[in-house]
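The values are calculated or read from the model by the stated rules, or taken from the named source; none is laboratory data. It should be emphasised that the depicted structure is a prediction, and the values quoted were computed from it without experimental measurement. Every residue, glycine among them, receives a Cβ derived from its backbone with ideal geometry; neighbour counts consider all protein chains shown.
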Amino acid sequence: MTSAPDSAALVALLRLERRPPHEYSERLQEAGSAVRLLHDELEGSSGQASLLPEDPEPAIERAQAEIAAWQHAGHQLLTILDAEYPANLRRIHDRPPILFVDGRLRDADARSVAVIGSRRASGAGLAAAARVTEHLVAGGYVVVSGLAAGVDTTAHTAALAAGGHTVAVIGTGLGHSYPPQNAVLQRRIAAEGAVLSQFWPDEPPSRRTFPMRNAVMSGLALGTVVVEASARSGARVQARRALAHGRPVFLARAVLTQPWAQELATRPGVHVVDAPEEITATIERLNATDALVE
């Protein structure tokens, strides 16, 4: 586990918002210590003015108080230096330096597939999402989704109903439920699986947070299945991020009614599928040949 001072120093660094969060992931792994990184930035790499406006100790103390409050609320803080940080996520270039978790992440969660799609899915789309999820659970896969309305809700619910493990990656802090009607489902997933966020626990939903959530969901899973989605859907964002991460994308054939999906289907790493069995067969083949790009 990351030491308490290192966790607090990393929170203090991120609170400054002077660099993109994923940049700190790289710098932290190179430095091996957030305290050292904080002091390095305070001193400046070449005698230049510090990026920090103040002595680090008060900032670290404030961060320690925040961490204590988060722990009291039941939120686990993971940093990229922690062994418990998800292995699949660690391999992508834009990995977040910290994660907040309600529930429990397991090593077995590395064998996961993201099932995503439209918030306003058709009945056929919801039925397809349930079939894919049930097949994945039967094959011992963990189902990852984004706790949104529509396909995401169906994926989580079907996974739980089938006795499987599911992980929700949300676009808000853990102190929020979005949409509000999924608050009960969010608590159940936390009790039986895990709810994960890269955002401060009090962070509300915004246009900025949901695309960032999709990138983390892509990185967490071995592959992404798009069941049904429009051109403006977050599923389209995630499909692009998955390809950038070197992870396969599976498009249900019904999605090909969309021009964006027709174009995406021509790219390497994208598979158009007619049955859930094609998804797991492809993932198992790719894993067997070490074909995932790290």
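Quick look at the values:
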{"read-out": "One residue from Val113, Val151 being buried (at least 17 other Cβ atoms within 10 Å of the Cβ) and more than 13 Å from Val169 (Cα to Cα)", "value": "Val151"}
{"read-out": "The listed residue being within 22 Å of Ala239 (Cβ to Cβ) and free of Cβ contacts under 8 Å to residues at least 60 places away in the same chain, out of Ala149, Ala162, Ala128", "value": "Ala149"}
{"read-out": "Tally, over the stretch 269-284, of residues that are free of Cβ contacts under 8 Å to residues at least 60 places away in the same chain and over 23 Å from the mean Cα position of the chain (by Cα)", "value": "6"}
{"read-out": "Elements of type helices (runs of 4 or more DSSP H) in the stretch 143-247, at least 1 residues being of a type in the set (Phe, Trp, Tyr) and within 13 Å of the chain's Cα centre (by Cα)", "value": "209-220"}
{"read-out": "Scan of the stretch 115-131 for residues that are assigned to a helix (DSSP H, G or I) and either under 27 Å from Ser206 (Cα atoms) or of a type in the set (A, V, I, L, M, F, W, C) (or both), ordered by number", "value": "Ala124, Gly125, Leu126, Ala127, Ala128, Ala129, Ala130"}
{"read-out": "The stretch 53-101, residues that are among the polar types (S, T, N, Q) and crowded, with 19+ Cβ neighbours inside 10 Å", "value": "Thr79, Asn88"}
{"read-out": "The stretch 132-142, residues that are crowded, with 20+ Cβ neighbours inside 10 Å and outside any strand (DSSP E or B)", "value": "Val132, Thr133, Leu136, Val137, Tyr141"}
{"read-out": "Residue among Ala59, Ala49 that alone is farther than 26 Å from Arg90 by Cβ, part of a loop (DSSP other than H, G, I, E, B) and either at pLDDT below 85 or over 26 Å from the mean Cα position of the chain (by Cα) (or both)", "value": "Ala49"}
{"read-out": "Count of the stretch 223-251 residues which are among the hydroxyl-bearing types (Ser, Thr, Tyr) and either surrounded by fewer than 24 Cβ atoms within 10 Å (Cβ to Cβ) or at pLDDT below 95 (or both)", "value": "2"}
